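Report on the structure given below.
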Amino acid sequence: MKIACFHLMPYRDLPDDFEKKHKSAWFTLPFDGIADRHKVSQYYNWTLDELTYAAKSGFDGVCTNEHHQNAYGFMVNPNMMGSVLARATRGTDTAIIQMGETAVFLNPPIRVAEEYAMLDMISEGRLVAGFPVGLGGDFSYSYGMAPMEQRSRYNEAHDLIKKAWLSKEPFAFNGKHYQLPMVNIWPKPLQTPHPPIWVPGNASPSTWDFVLKHDYSYCFLTYFGAKGAEHMVNGYWRRAEELGRDRNPYRLGFLVPVGVSDTDEKAEAEYGHASEYFYHKGLHLPEQLLAPPGHMSHSSLTHLITKRPFPPFSELKGMHFPQFNDRDYVVCGSAKTVTQRLLNIIKTLRVGHLMILPQFGSLSHEKTMENIDRISKGVLPHLRNVWDNENWEDHWWPKSVAQQQRAAA
């Protein structure tokens with residue numbers, strides 16, 4: 001069982017009446033007049049401190065991500081964050097999980113191939129290469145691209161990056177979206193043939209097919225609990241069987257916000273405000289901004305509409321911490337309670353890569369560090385051996401170089 005620390009890096013101090021005065025926390029929200037630049041500088045450094053502390057506290061990996069033009073999470077360049085983390089965790093086996101740099105946002109996408117290769121070298125073979133398709137809103141509104149091109153650009157960018165990593169000789173690439181007269185990247189990744197690839201997703205069968213075709217690990221990123229995700233994850237496992245893939249739990253990653261208190265009774269006092277801040281303010285947006293017309297394939301759109309893996313965002317306003325916690329949107333309580341609930345999620349969904357979000361919403365730096373400490377000491381040791389009796393091999397975890405081969409500090 002592998003457990004990583006995930007971080008969104010949100011704006012933690014939006015005003016109490018924020019959602020009454022502003023239509024969305026995404027895309028249309030002005031930076032000036034809302035954000036304090038000095039606080040934002042603190043957030044970036046706190047985030048790096050929190051992820052570094054998680055690595056030193058026993059998490060197997062640290063996860064970065066990419067979003068744009070919002071207060072929900074503005075880690076706009078995950079590779080900049082990942083490079084700091086790679087250096088800060090030097091000499092360890094902590095995986096640097098880039099969840100990740102979105103290839104279709106860069107032109108040409110061999111920038112991703114080059115930057116991931118650099119990160120794999122700096123980390124001495126500890127990189128996990130995330131290949132997100134990217135949010136439709138980011139693709140269309142932040143970067144001004146046609147929504148219907150997103151999936152085809154993604155597929156072509158993927159093929160170009162893989163070929164850049166694997167080719168022994170320089171080559172020309174003449175695709176529909178990208179034309180390059182010479183591809184000959186320096187460096188190549190340290191891991192051969194390339195770093196393990198994880199693909200985040202939510203409810204798209206076309207992403208399932210892509211992941212299973214290429215034998216990658218699929219990461220189900222949801223903030224609406226294992227109960228709501230179960231029928232979606234079951235669909236993924238059924239599709240895996242149809243395509244001849246085994247039920248290796250390391251084929252699946254799952255994300256969950258976690259808050260550990262001394263007792264169950266104290267959980268709401270410690271994490272209630274941060275949870276409500278996350279769902280009421282961070283996810284304050286018209287849903288159409290996330291999925292502009294043409295962004296999703298027909299099969300994925302049909303699946304989303306008919307299966308509905310999450311409630312309308314407008315309904316979140318009437319929900320509060322007890323509902324969020326009862327529905328596993330967040331998992332908060334004593335270390336014993338959190339452990340039991342996470343074990344149930346892991347076994348029910350067959351999760352091999354658990355991603356824990358110890359900082360969410362308005363949670364302060366001090367409380368986040370305390371939460372990381374409590375999770376590391378009271379929860380992680382009880383999750384380690386879940387799949388040991390089934391003898392699965394994790395083919396999607398980096399194989400860092402041996403200690404004797406690493407450069408001296």
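Results for (1) in contact with a strand residue (DSSP E or B) (Cβ under 7 Å, 6 or more places away or on another chain); (2) modelled with pLDDT under 95, shown as yes or no for each residue.
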{"site": "Tyr44", "(1), (2)": "no, no"}
{"site": "Glu50", "(1), (2)": "no, no"}
{"site": "Val62", "(1), (2)": "yes, no"}
{"site": "Met80", "(1), (2)": "no, no"}
{"site": "Arg87", "(1), (2)": "no, no"}
{"site": "Ile96", "(1), (2)": "yes, no"}
{"site": "Gly100", "(1), (2)": "yes, yes"}
**OP:** Read through the list (1) in contact with a Phe, Trp or Tyr (Cβ under 8 Å, 6 or more places away or on another chain); (2) over 30 Å from Ala226 (Cβ atoms); (3) of a type in the set (Gly, Ala, Ser), then give the number of the only condition that Gly201 fails.
**Re:** (2)
Original post:
When region 203-235 is examined, which residues are found to be closer than 22 Å to Asn391 by Cα and over 18 Å from the mean Cα position of the chain (by Cα)?
Top reply: Leu212, Asp215, Asn234
Subject >> Every pair of residues 6+ apart whose Cβ atoms lie under 9 Å, when the first sits in region 277-288 and is of a type in the set (Asp, Glu) while the second is part of a helix (DSSP H, G or I) >> reply: Glu287/Phe313; Glu287/Ser314
Original post:
Taking Thr52 and the conditions (1) outside any loop (DSSP other than H, G, I, E, B); (2) under 30 Å from Glu390 (Cβ atoms), which numbered condition does it fall short on, given that it satisfies the others?
Top reply: (2)
Subject >> Qualifying positions in region 88-127 - acidic (Asp, Glu) and free of Cβ contacts under 8 Å to residues at least 40 places away in the same chain >> reply: Glu101, Glu115
Original post:
Can you tell me which residues in region 1-27 are assigned to a loop (DSSP other than H, G, I, E, B) and without any contact (Cβ under 8 Å) to a residue 60 or more places away in the chain?
Top reply: Pro15, Asp16, Asp17
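Residues that are β-branched (Val, Ile, Thr) and at pLDDT 95 or above: find the helices (runs of 4 or more DSSP H) completely inside region 313-378 holding 1 or more of those.
Fully inside region 313-378 and qualifying: 335-349, 365-378.
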Original post:
Looking at region 106-118, is at least one residue more than 23 Å from Gly294 (Cβ to Cβ), assigned to a loop (DSSP other than H, G, I, E, B) and out of contact with any strand residue (DSSP E or B) (no Cβ under 7 Å at 6 or more places or on another chain)?
Top reply: no
**OP:** Output the qualifying pairs, or none if there are none: Cβ atoms under 7 angstrom, residues six or more apart or on different chains, first residue in region 64-83 and in a loop (DSSP other than H, G, I, E, B), second residue among the hydroxyl-bearing types (Ser, Thr, Tyr) and modelled with pLDDT under 95.
**Re:** Glu66/Thr102; His68/Ser142; Gln69/Ser142
Subject >> In region 146-188, residue surrounded by the fewest Cβ atoms within 10 Å (Cβ to Cβ) [restricted to those that are among the hydroxyl-bearing types (Ser, Thr, Tyr) and closer than 19 Å to Phe210 by Cα] >> reply: Ser152
Original post:
(1) touching a residue at least 60 places away in the same chain (Cβ under 8 Å); (2) of a type in the set (Ser, Thr, Tyr); (3) outside any helix (DSSP H, G or I): which one isn't true of Thr47, the others all being true?
Top reply: (3)
**OP:** Filter region 218-248 down to residues that are basic (Lys, Arg) and touching a helix residue (DSSP H, G or I) at 6+ places or on another chain (Cβ under 6 Å) and give me whichever is nearest to Pro312 (Cα to Cα).
**Re:** Arg239
Original post:
Between a first residue in region 29-40 that is free of Cβ contacts under 8 Å to residues at least 60 places away in the same chain and a second residue that is among the aliphatic types (A, V, I, L, M), which pairs have beta carbons less than 8 Å apart while being 6 or more apart in sequence or on different chains?
Top reply: Leu29/Ala71; Ile34/Leu14; Ile34/Ala71; Ala35/Ala71
Subject >> Number of the exception - Tyr43 against (1) among the hydroxyl-bearing types (Ser, Thr, Tyr); (2) closer than 20 Å to Ser362 by Cβ; (3) buried (at least 23 other Cβ atoms within 10 Å of the Cβ) >> reply: (3)
**OP:** Take Lys39 and decide whether it is basic (Lys, Arg) and either touching a Cys at 6+ places or on another chain (Cβ under 8 Å) or in a helix (DSSP H, G or I) (or both).
**Re:** yes
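The values are calculated or read from the model by the stated rules, or taken from the named source; none is laboratory data. All of these numbers come straight from a predicted model, not from anything done at the bench. For neighbour counting, all protein chains shown are included, and Cβ atoms are generated from backbone atoms with ideal geometry for every residue, glycine included.
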